[in-house]
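A quick write-up on the structure given underneath.
What follows is calculated from the coordinates using simple rules that are stated; it is not laboratory data. All values reported here derive from a predicted model rather than from experimental measurement. Methodologically, a virtual Cβ is constructed for each residue, glycine included, from the backbone with ideal geometry; neighbour enumeration extends over all protein chains shown.
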Amino acid sequence: MDIDQFKTLTLDQKLAELRHNGNLLGPYERNTEQGTKMPGDIYELHDFWVYLSEDEKTVIPTRRNPLPEE
């Protein structure tokens with residue numbers, strides 16, 4: 001599955017894909033449009049990364065790893 005295919009899934013399908021194939025990398029706070037931070041987690045999934053909010057209502061895939069390099 002690539003990122004474009006992932007974007008076409010429903011929310012429930014995205015969550016199932018993360019549960020079965022995602023690799024949890026750790027906690028992450030995402031900047032919102034209002035300038036606040038939204039807590040959640042970053043997953044590695046196939047060849048892209050996915051932000052999942054704590055309430056599991058926001059799922060944002062990205063081609064760039066948002067975590068700082070170690």
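Suppose we filter the stretch 45-64 for residues that are within 13 Å of Ile3 (Cα to Cα) and either aromatic (Phe, Trp, Tyr) or more than 8 Å from the chain's Cα centre (by Cα) (or both); how many remain? Let's see the steps before the verdict.
Initially, the stretch 45-64 is screened for residues within 13 Å of Ile3 (Cα to Cα), giving 45-51, 59-64.
If we keep only those that are either aromatic (Phe, Trp, Tyr) or more than 8 Å from the chain's Cα centre (by Cα) (or both) as well, we get 45-49, 51, 63-64.
Summing the residues that are within 13 Å of Ile3 (Cα to Cα) and either aromatic (Phe, Trp, Tyr) or more than 8 Å from the chain's Cα centre (by Cα) (or both) in the stretch 45-64 gives 8.
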Counting only residues that are of a type outside the set (Asp, Glu) and without any contact (Cβ under 8 Å) to a residue 12 or more places away in the chain, the stretch 33-69 contains a total of 5
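So which residues in the stretch 7-24 are part of a helix (DSSP H, G or I) and either over 12 Å from the mean Cα position of the chain (by Cα) or closer than 15 Å to Ile60 by Cβ (or both)? Walk me through it before giving the result.
Within the stretch 7-24, the subset part of a helix (DSSP H, G or I) is 7, 11-21.
Within the stretch 7-24, Lys7, Leu11, Asp12, Gln13, Lys14, Leu15, Ala16, Glu17, Leu18, His20, Asn21 meet the criteria.
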Considering (1) exposed (fewer than 12 other Cβ atoms within 10 Å of the Cβ); (2) part of a strand (DSSP E or B); (3) not hydrophobic (A, V, I, L, M, F, W, C), say which one Gln34 fails and leave the rest. (2)
In the stretch 3-31, what count of residues is obtained for those that are in contact with an Asp or Glu (Cβ under 9 Å, 6 or more places away or on another chain), exposed (fewer than 15 other Cβ atoms within 10 Å of the Cβ) and within 13 Å of Pro66 (Cβ to Cβ)? 2
